[in-house]
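Here is the structure we will look at, set down as structure tokens.
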Amino acid sequence: MNRTKIALVSLGIALFSAGIRAADEPVKIEYTVVAVEIEGAKFWLPNDLIVNKGDPIKLNLVNNIKSEPNTHGYSIDEFGVKQVVARGETRTVVFTASKAGLFKIYCQMHPKHIGGRLLVLEK
Ligand SMILES: [Cu+2]
């Protein structure tokens, strides 16, 4: 085998190894969740999120509601999530889904704002 072939085989082994290591690492779950208004009702969409216990979660919260008021909240009490997002802005929330179960997602500022559920599956 010449040096070029040895180098390519080594590179292939290195990439294969990197692939195995990456598969063992926890998957980072990232969702973009958008506040929208549909026929007068305000929603966070998608309203239901599904993750595995232990997953590190990143949520990008976008407020696209054009009507007043111009700020909306996004809360998940069990994971200490409590964010306020102004119209046209994006806020990021990072947390780990450390326990399994079904948890309420809601706007802490407006009880009528339709929230959702976070389903954390036991691995
Ligand atoms: Cu709201």
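Applying the set (1) assigned to a strand (DSSP E or B); (2) open to solvent by less than 40 Å² (accessible area, probe 1.4 Å) to T32 leaves exactly one unmet item: (2). Within the stretch 59-75, the set of residues being open to solvent by 30 Å² or more (accessible area, probe 1.4 Å), out of contact with any Gly (no Cβ under 9 Å at 6 or more places or on another chain) and of a type in the set (S, T, N, Q) comprises T71 only. Restricting the stretch 61-76 to residues that are within 14 Å of R87 (Cα to Cα) and part of a strand (DSSP E or B), the residue that is farthest from the ligand (Cβ to nearest atom) is V62. Can you find, within the stretch 82-123, the residue that is most open to solvent (accessible area, probe 1.4 Å) among those that are without any contact (Cβ under 8 Å) to a residue 24 or more places away in the chain and part of a strand (DSSP E or B)? Ranking the candidates gives L102 first.
The values are calculated or read from the model by the stated rules, or taken from the named source; none is laboratory data. Computed from a prediction, not measured in an experiment: that's the story for all the values here. Ideal geometry is used to build each Cβ from the backbone, glycine not excepted, and the neighbour counts take in all protein chains shown. We work out accessible area using only protein heavy atoms, side chains counted, and drop any ligands, DNA or RNA first. Shrake-Rupley method; radii C 1.70, N 1.55, O 1.52, S 1.80 Å.
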